[in-house]
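*Asks:* Please find one structure pasted underneath; my questions will follow.
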Amino acid sequence: MKPTFLSYYIARSGIDAARANLQITGQNMTNASTKGYTRQRVDLYSVGTSGYNSQYLLKSDAYMGEGVNIGGISQIRDPYLDVHYRKEVCKVGDTSTQLDALSDLEDIFDETLTDGLQAQFSDLKSQLQTLASNSGDTVTEQSVQTSALMLVKLFNQNADQIQVAQDRQVSDFNDGAVSTVNELLKSISYLNGEIKSVQVVGDPALELQDQRNSLLDELSNYMNIEVSTKKITVSEGVQTEELSVNLVGANGEKFMLVDDDNYRRMQTQEESDGSISVKLLNQSGSYAAASNSFGQTLTDGDITDQFSTGSFHAYLKMINSSGEFDTPPSTDRGIPYYRNMLDTLANQFASAFNKANSTNSSEPYNKPLFEDSDGSGTITASNIALSEKWTNSTSSYLTATKSTSSTGTTESNENLLAMVDLFGKSMDFETPAHNALFSGSLEDFLTDISGTLSMEVESLDRMNETYTNNVSGIDEQRQSVSGVSLDEEGINLITFNQALTAASRFMTTMDEAIDTIINKMGIVGR
């Protein structure tokens with residue numbers, strides 16, 4: 001038979017279990033609005049019949065349990081949803097960062113809300129047409145020069161704005177993203193150590209784990225990460241958890257970022273061509289040598305090409321990628337691509353008009369209209385300027401015609417009309433490495449630049465909306481599992497309070513029964 005006083009233990013364990021559940025319910029309700037908090041629960045296990053007591057049981061005795069045991073406190077969390085959430089957040093970080101960068105360029109190439117290069121092309125063409133009707137008129141030619149100067153200044157202004165957009169991305173990347181990621185890696189490794197220290201004494205450190213999970217969610221915005229944990233047995237019955245974070249590279253190779261309380265950091269470096277590279281450094285400051293499996297070696301810790309998605313990938317694409325101007329050409333079109341396209345337009349425009357106005361057929365042209373202002377020898381959008389010969393000319397400088405009669409006198413203004421036609425004349429645009437870019441007129445090429453930018457923004461906007469909706473949906477699923485529902489916790493309060501009342505009533509009942517057995521049995525006949 002079971003010992004009579006064992007019932008007191010059963011009743012006490014029920015009271016302890018109900019009281020623990022009430023405390024955890026209160027903890028959940030108190031933190032219902034706490035960011036990153038994960039709903040907690042009491043892990044209860046039924047206590048079975050012990051082998052020691054069982055040896056004294058008669059065959060007719062029932063094998064009754066011995067109460068309830070509190071195994072510990074745990075979080076209600078779905079690891080799969082965490083992984084899925086971080087994968088989608090990484091995509092949102094990528095598209096939103098690209099959209100932020102390209103929105104600056106949209107303001108530059110927007111020809112619908114403001115008068116830009118397209119409008120100035122039209123004005124210069126109109127001024128040339130007026131001059132063609134009155135060739136040799138110095139006042140009209142001055143109007144042409146003024147219009148050309150306005151066009152040059154627009155090229156310069158747009159180039160400056162593109163550089164500002166580039167500098168902003170570099171600053172945001174270096175001072176914002178990289179610094180934040182380094183702090184996140186450091187904080188995660190610190191929390192790993194704190195969690196491990198607390199778990200050694202038997203505390204699950206759930207609140208610290210919530211802080212760490214929030215940091216991991218934030219880190220996933222910047223790059224594709226893989227989070228893994230393993231249990232370490234410290235002593236008999238005592239286990240701790242070790243967490244590691246890896247960067248998943250473009251080819252699937254993994255690079256350690258955090259391993260327990262050790263962490264790495266990232267450092268940027270500006271290369272000679274103006275691009276930005278990212279170096280992975282060990283905690284000691286030395287360069288990381290290879291991926292975890294040594295399948296990918298690193299040159300001076302360079303992991304620039306290992307970011308396939310996330311904000312880091314977007315920043316590097318916007319800062320470094322020139323599309324068809326890259327060697328070899330690529331499909332990634334960042335800010336340098338649009339700067340090079342504008343440079344190509346400025347160069348082709350200047351070359352065409354310099355040739356049209358000059359009386360010789362090859363460079364250097366003897367009557368150039370435009371030149372570079374910095375002496376580099378190559379005209380770009382940032383350095384295009386009116387030629388000194390034109391600005392210093394005291395007489396008519398524009399060549400009205402290149403046709404002469406048999407007597408050597410001019411006959412028409414056909415050259416001015418040819419300059420007008422240059423705006424609509426089909427040309428072949430190509431990169432310095434002779435990769436084809438576009439075939440069409442100057443105005444069409446400018447439209448193509450704006451159109452390419454608009455399509456890129458539209459495509460990114462659609463993807464960003466899709467990824468954002470996915471993140472919202474997954475987060476709702478996470479909250480349905482891990483979040484605190486005040487309605488549900490209110491029901492738990494009633495349930496566990498009733499359990500406490502019942503367990504207390506059971507103990508009172510057993511007390512009355514024991515009192516009867518001890519004090520009231522065997523008194524008949526006294």
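*Asks:* So how exposed is V471, as accessible area in Å² (1.4 Å probe, rounded to 10)?
*Replies:* Solvent-accessible area, nearest 10 Å²: 20 Å².
*Asks:* Something else about it: Grab the beta carbon distance between S439 and D137, set R0 = 51 Å, and tell me the FRET efficiency rounded to 0.05. It would help to have the intermediate numbers written out before the result.
*Replies:* Details: r = 36 Å, r/R0 = 0.70.
With a Förster radius of 51 Å, E is 0.90.
*Asks:* Leaving ligands and nucleic acids out of the surface, order M256, M318, M521 by accessible area at 1.4 Å, largest first. Write down the numbers at each step before the final one.
*Replies:* On the way: M256 45, M318 0, M521 115 Å².
The ranking, largest first, comes out as M521, M256, M318.
*Asks:* Quickly work out the Q118-to-R19 label distance, labels modelled 7 Å from Cα along the C-beta direction, and quote it in nm with one decimal.
*Replies:* With each label point 7 Å from Cα toward Cβ, the separation is 7.8 nm.
*Asks:* Can you give me the relative contact order of the chain as a percent, contacts being Cα pairs under 8 Å and 6 or more apart?
*Replies:* Values: 794 pairs, mean separation 105.8, N = 526.
That works out to 20 percent.
*Asks:* Additional query: Scan around D302 for amide H atoms under 5 Å from its own, H built in the peptide plane at 1.01 Å from N, and keep only partners 5 or more places away or cross-chain.
*Replies:* L280
*Asks:* Show me, for segment 385-391, the HN-Hα J-couplings you get by feeding each phi into the Karplus relation (A = 6.51, B = -1.76, C = 1.60, θ = phi - 60°), rounded to Hz, glycine and proline as x.
*Replies:* Each residue of segment 385-391 in turn: 8, 5, 5, 4, 4, 6, 5 Hz.
*Asks:* Starting from the residue with the highest accessible area, list H313, H84, H434 in decreasing order, probe 1.4 Å. Please list the in-between numbers first.
*Replies:* Numbers: H313 40, H84 65, H434 130 Å².
Reading off the accessible areas and sorting them downward yields H434, H84, H313.
*Asks:* In Å and whole numbers, how far do the C-alpha atoms of segment 329-488 stretch along each principal axis, longest first?
*Replies:* That gives 103, 29, 29 Å along the principal axes, largest extent first.
*Asks:* Further, regarding this structure: Can you pull the one-decimal nm distance between simple spin-label points at N174 and R462, each 7 Å off the Cα toward Cβ?
*Replies:* 3.7 nm
*Asks:* Using +1 on the beta carbon of Lys and Arg, -1 on that of Asp and Glu, and nothing else charged, what's the dipole of segment 414-526 about the Cα centre, debye to 20? Write down the numbers at each step before the final one.
*Replies:* Details: 6 positive and 19 negative charges, 302 e Å.
It works out to roughly 1440 debye.
*Asks:* I would also like to ask the following. I'd like the orientation of helix 335-357 relative to the chain: the angle between its Cα long axis and the longest Cα principal axis, in ° from 0 to 90, rounded to 10.
*Replies:* That works out to roughly 0 degrees.
*Asks:* Sticking with this one: Over its Cα atoms, what ratio of radius of gyration to 2.2 N^0.38 Å does the chain give? Present the calculation step by step, with values, prior to reporting the outcome.
*Replies:* Values: Rg = 38.3 Å, N = 526, 2.2 N^0.38 = 23.8 Å.
Compared with the compact-globule rule of thumb, the chain sits at 1.61.
*Asks:* By how many degrees, 0 to 90 and rounded to 10, does the Cα axis of helix 138-171 deviate from the longest principal axis of the chain?
*Replies:* Approximately 20 degrees, to the nearest 10.
*Asks:* Using modelled amide H (1.01 Å from N, peptide plane; none on Pro or chain starts), what sits under 5 Å from the amide H of N383, excluding residues fewer than 5 places away?
*Replies:* Residues meeting the amide H criterion: none.
*Asks:* How high is the relative contact order of segment 127-226, given as a whole-number percent (alpha carbon pairs under 8 Å, six or more residues apart)?
*Replies:* Values: 32 pairs, mean separation 17.9, N = 100.
Computed over segment 127-226, the figure is 18 percent.
*Asks:* Can I ask one more? Might you work out the accessible area of M150 for me, using a 1.4 Å probe with all protein chains in place, and round it to the nearest 10 Å²?
*Replies:* 100 Å²
*Asks:* Then there's this: What does the charge dipole of the chain about its Cα centre add up to, to the nearest 20 debye, if the Cβ of each Lys and Arg holds +1 and the Cβ of each Asp and Glu holds -1?
*Replies:* For this selection, approximately 2420 debye.
*Asks:* Please pull out the direction-averaged projected area of segment 361-453, using the convex hull of its alpha-carbon atoms, in nm² to one decimal place.
*Replies:* Details: hull surface 33.4 nm².
For segment 361-453, the mean projected area of the Cα convex hull comes to 8.3 nm².
*Asks:* Counting only the backbone N, which residues of segment 128-158 are under 14 Å from the spot 7 Å out from the Cα of N392 toward its beta-carbon?
*Replies:* none
*Asks:* While we're looking at this one, here's another question. To the nearest 10 degrees, how steeply does helix 486-515 sit against the main Cα axis of the chain, on a 0 to 90 scale?
*Replies:* 10 degrees
*Asks:* Now a separate question. Say each of S33 and E241 gets a label point 7 Å from the Cα, pointing the same way as Cα to Cβ; how far apart are those two points in nm?
*Replies:* The modelled label-to-label distance comes out at 2.8 nm.
*Asks:* Spelling out what I want: for every residue of segment 247-261, take phi, set θ = phi - 60°, compute 6.51 cos²θ - 1.76 cosθ + 1.60 (Karplus), and round to whole Hz; glycine and proline get x.
*Replies:* So the J values, rounded to whole Hz, are 7, 8, x, 4, 9, x, 5, 10, 10, 5, 10, 9, 9, 6, 9.
*Asks:* Projecting each Cα onto the charge dipole of the chain (Lys/Arg +1, Asp/Glu -1 at the beta carbon, about the Cα centre), which of T49, G301, M455 comes out farthest on the positive side?
*Replies:* Looking along the dipole axis, the top candidate is T49.
*Asks:* Which value, in Å² and to the nearest 10, is the accessible area of E430 when all protein chains are kept and the probe is 1.4 Å?
*Replies:* For E430, the solvent-accessible surface is approximately 80 Å².
*Asks:* With a ≥ b ≥ c the root eigenvalues of the C-alpha gyration tensor of segment 430-526, is it rounded (a/c under 1.5), prolate (a/b larger than b/c) or oblate? Before the final figure, lay out each step's value.
*Replies:* Working: a/c = 15.98, a/b = 7.01, b/c = 2.28.
It comes out prolate by the Cα gyration axes.
*Asks:* Treating only the Cβ of Lys, Arg, Asp and Glu as charged (+1, +1, -1, -1), what charge dipole size does segment 209-249 show about its Cα centre? Round to the nearest 20 debye.
*Replies:* Details: 3 positive and 7 negative charges, 20 e Å.
With only Lys, Arg, Asp and Glu charged at Cβ, the dipole is about 100 debye.
*Asks:* Could I ask something else about it? In percent, what relative contact order does segment 208-253 have, based on Cα pairs under 8 Å that are 6 or more apart in sequence? Can you show the working numbers first?
*Replies:* Working: 38 pairs, mean separation 15.0, N = 46.
The value is 33 percent.
*Asks:* Which cross-chain or sequence-distant (5 or more) residues have an amide H under 5 Å from the amide H of N69, H modelled 1.01 Å from N in plane?
*Replies:* For N69, the qualifying residues are Y45, S46, V47.
*Asks:* Given R₀ = 41 Å, FRET efficiency for T516-V481 by Cβ-Cβ distance, to 0.05?
*Replies:* Values: r = 49 Å, r/R0 = 1.20.
It comes to 0.25.
*Asks:* While we're looking at this one, here's another question. Tell me which chymotrypsin sites (Phe, Trp or Tyr not before Pro) from segment 265-308 have a DSSP coil assignment and no more than 11 other beta carbons within 10 Å of their own.
*Replies:* Details: sites: Y287, F294, F307; in loops: F294, F307.
In loop regions of segment 265-308 (DSSP not H, G, I, E or B), the sparsely surrounded chymotrypsin sites (Phe, Trp or Tyr not before Pro) are F294.
The values are calculated or read from the model by the stated rules, or taken from the named source; none is laboratory data. Note that the coordinates shown come from a computational prediction; the quantities given were computed from them, not determined experimentally. Here the Cβ is made from the backbone with ideal geometry for all residues, glycine too, and neighbour counts use every protein chain on show. Just the protein is used for accessible areas: all its heavy atoms, side chains included, with ligands, DNA and RNA removed. Shrake-Rupley method; radii C 1.70, N 1.55, O 1.52, S 1.80 Å.
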